[in-house]
Structures are given as C-alpha cells and as structure tokens.
Amino acid sequence: MYGWIWRHLPGPFAVRVLTAVLLIAGVVALLMFVVFPWIEPKLPFNEVTTE
Amino acid sequence: MSTVAPTAPEGGGARSVVRGVGEVFITLGLVILLFVVYEVYVTDIFSAAKQREATSALDDRWGTPADPERVERFDGLDEGAGFAKMFIPTFGADYSFTILEGITEKTLEIGPGHYPDTAYPGEPGNFAVAGHRVGKGAPFNDIDLLNSCDAIVVETRYNWFVYRVLPKADEVADWAGTRAADPRCVGVSPLGAPYDKVVGQRIVSPGQGEVVAPVPGLPGAENSVGEQVTLMTLTTCHPRFSDRERLIVHAVMVKQWEKDPNNPGALPPELKETV
C-alpha cells in the first residue's frame, strides 16, 4: 500500500517527500476534525452522568 | 530510499498481499493511538477554547446593570448557558470553571454541567454537577483526591457560596475525635438521618441516579424531610478511562458571602486555601 503510493508520487525525491508529508497531515487532520468527533459520542467510555 | 523505483514489488503476488494486509493493520494501530492522543489531549484544546467563550459570555452577562434587589435568577436558562463559576482552591488558584446548564454531551464538552431539575447554588436541596474526568478539559480529573472539608467555592452573580466536602465513609464514626478540630471543618459534620448515607466520596453504578436527588439516595424523600440540607454533588466517570462506574463527591454548604456592590473585587477567604 505505502510502496504503491510512493511509486505513484510524481516528481523528484524531495517533492515526493513533501507530498507524502502533506498527505499524512491531511489524513491526520481529517481524523482529528471529522472522524474522531463523529465517532466519539458512539463510544461508551466517557459518560460522566448518572441516570 | 532509492531514486530508481522498482516497477513491481519484489516477490510474488502472495507476498504483496501479505504485506498489504500487514500495512493495513499497522495503519489501524496508528489510527487508534492517534485517537487516544485526540481523546486525552486534543479535546482539551478544543474544550479550553469553548470554556473561555462561555466564561466571557457569563462575564458579559454579569457586567450588565444589576438587579437593584440583587436576587439570583436561574429560571429560563438555556441548555449550555453558563450561570456560575466553580473554584476548588486545593487544586490551585487557577482552578476555575464556568458551570453550564444541562448535561448533554455537547454541554459537557464546554465545561461542568448542571443536572436540570436539581437545586441551583445556595438553594436547599442538591446542586448536582457532572464533569469529564478524561479529556475535554477534564474539570473533574482529580476529584477523587478531594479530602473531607476541602472547599468548593461557587460564584454566582451576587454571591459566593462555600461548600465543603462531607466526611468520608471511614471518617464518620470518629469525626468528633479527629477531623472536627480542623479549622476548615467548621460547619462540616456527618449528616444525620435521612442523610446518613451521604458521605464525602462514593462510587456508584451508572444507573444510580438517586445520588442527585434532593436527599441523595432517597428520591422523593424531600417531601417528608422538613428543611433540606444545602448540598452540592459532583459526578464523573470511574475508574478513569472507563465508564463502568461513577465517582460521586458530596459537599455541604457552610457559608454564603454576598458580593458587596461597592467592592466588587473582594474575594472570599476560602479561595486562599490553596494548600
């Protein structure tokens, strides 16, 4: 998977590294700002109230 | 890292499938680690910003011209609206949170939330507040460390209310001979029946909603109890990182300081109990 992505990144080595870093940052941002806030309330380990 | 990229993965198809599956597992592991970082640290950053906003909204509201009779008004609070601030001096002079109305997930991300239908600060009954213990500002991270008689100071628009943690279960029997002499324990003593199960710290199951009842543990009893004790109850998850149980801290009001309109900066002496 990672090998495949690396081979398909265009440009010389430095550009590839930069693109890879940007890709990782994008995925992390997507997880932090969209996926985790969405999934978190569905996970039952931070309930603090009694019913 | 060679600049001459191989055109195909070494080895046969099976090897690249195995490698692909392995990479997926490693990726999932990293995502879960990242989620832990998010839960424990990143939500703190998001919540701190929301808490700052709520606090400045509350300060704005308190800055509007005062009611000449200086009567506290808590009716008609919207979900998520701040109405009081809480301080726990033993957690440090900077421990301060704006308490909001309601206990929805969204409200608790901003700060400690007040159980609707429970008493408000200073009112007889049970002023019950829920707060996160992990992430989201973790206002109640350390409430398991509260000792009996530690002050929980609640500031409202016109008053300061000083609550103190009730004797713990193992201190009740010999209270008069031990802790009662502590100057901080003035006004704190084991409560008699029907409050005899109300101690400084308890661990209950999530279904035990009666801990926030006006007479904790005895929902409905408030109708037969003449004058109710003015209590404050904190609830959070227990053990930390789990929601298997709930940690409950009960405190009793020992003092009320009315704010002096001529000296609005005056602070109650209990706020200095930072040791």
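Annotation note: of B:Phe140, B:Phe161, B:Phe127, the sole residue that is in contact (Cβ under 8 Å) with a residue 60 or more places away in the chain and either of a type in the set (Ser, Thr, Tyr) or closer than 21 Å to B:Glu245 by Cβ (or both) is B:Phe140. Within the option set B:Pro190, B:Pro124, B:Pro194, B:Pro183, being out of contact with any Cys (no Cβ under 7 Å at 6 or more places or on another chain) and within 29 Å of B:Val71 (Cα to Cα) holds for one residue only, B:Pro124. Within region B:12-41, residues that are more than 9 Å from chain A (Cβ to nearest Cβ) have Cβ atoms under 8 Å from residues that are exposed (fewer than 14 other Cβ atoms within 10 Å of the Cβ) and not hydroxyl-bearing (Ser, Thr, Tyr) in no pair, counting only partners at least 6 apart in sequence or on another chain. Of all residue pairs spaced 6 or more apart or on separate chains, those with beta-carbon atoms under 7 Å, a first member in region B:46-57 that is more than 13 Å from B:Ala81 (Cβ to Cβ) and a second member that is among the basic types (Lys, Arg) and crowded, with 17+ Cβ neighbours inside 10 Å are B:Ser47/B:Lys136. Considering B:Pro219, B:Pro194, B:Pro206, which residue is surrounded by 16 or more Cβ atoms within 10 Å (Cβ to Cβ), over 20 Å from B:Asn141 (Cα atoms) and either within 14 Å of chain A (Cβ to nearest Cβ) or not β-branched (Val, Ile, Thr) (or both)? None of the others qualify; the one that does is B:Pro194.
Screening B:Glu270 on (1) outside any loop (DSSP other than H, G, I, E, B); (2) out of contact with any Pro (no Cβ under 6 Å at 6 or more places or on another chain); (3) within 14 Å of chain A (Cβ to nearest Cβ); (4) modelled with pLDDT under 95 shows it passes everything except condition (3). Consider chain A and keep the residues that are closer than 30 Å to B:Arg133 by Cα, surrounded by 15 or more Cβ atoms within 10 Å (Cβ to Cβ) and charged (D, E, K, R). The one that is nearest to the other protein chains (Cβ to nearest Cβ) is A:Glu47.
Among the residues of region B:222-243, how many are without any contact (Cβ under 8 Å) to a residue 60 or more places away in the chain, of a type outside the set (Ser, Thr, Tyr) and either touching a Leu at 6+ places or on another chain (Cβ under 8 Å) or surrounded by 14 or more Cβ atoms within 10 Å (Cβ to Cβ) (or both)? If you could, list the steps in order and put the result at the bottom.
Initial filter on region B:222-243 (without any contact (Cβ under 8 Å) to a residue 60 or more places away in the chain): B:223-226, B:239, B:242-243.
Filter once more, so that each one left must be of a type outside the set (Ser, Thr, Tyr): B:223, B:225-226, B:239, B:243.
Applying the additional criterion that residues be either touching a Leu at 6+ places or on another chain (Cβ under 8 Å) or surrounded by 14 or more Cβ atoms within 10 Å (Cβ to Cβ) (or both) yields B:225, B:243.
Number satisfying all stated conditions: 2.
Residues in region B:113-152 that are under 18 Å from B:Gln201 (Cα atoms), part of a loop (DSSP other than H, G, I, E, B) and under 14 Å from the mean Cα position of the chain (by Cα): B:Gly131, B:His132, B:Arg133, B:Pro139, B:Phe140, B:Asn141, B:Asp142, B:Leu146. From the list B:Arg52, B:Arg61, B:Arg73, the one residue that fits, being on the phi < 0 side of the Ramachandran plot, in a helix (DSSP H, G or I) and modelled with pLDDT under 95, is B:Arg61.
The values are calculated or read from the model by the stated rules, or taken from the named source; none is laboratory data. Computed from a predicted model, the values in this text were never measured in an experiment. Cβ coordinates were reconstructed from backbone atoms using ideal geometry, including for glycine residues, and neighbour counts include every protein chain displayed.
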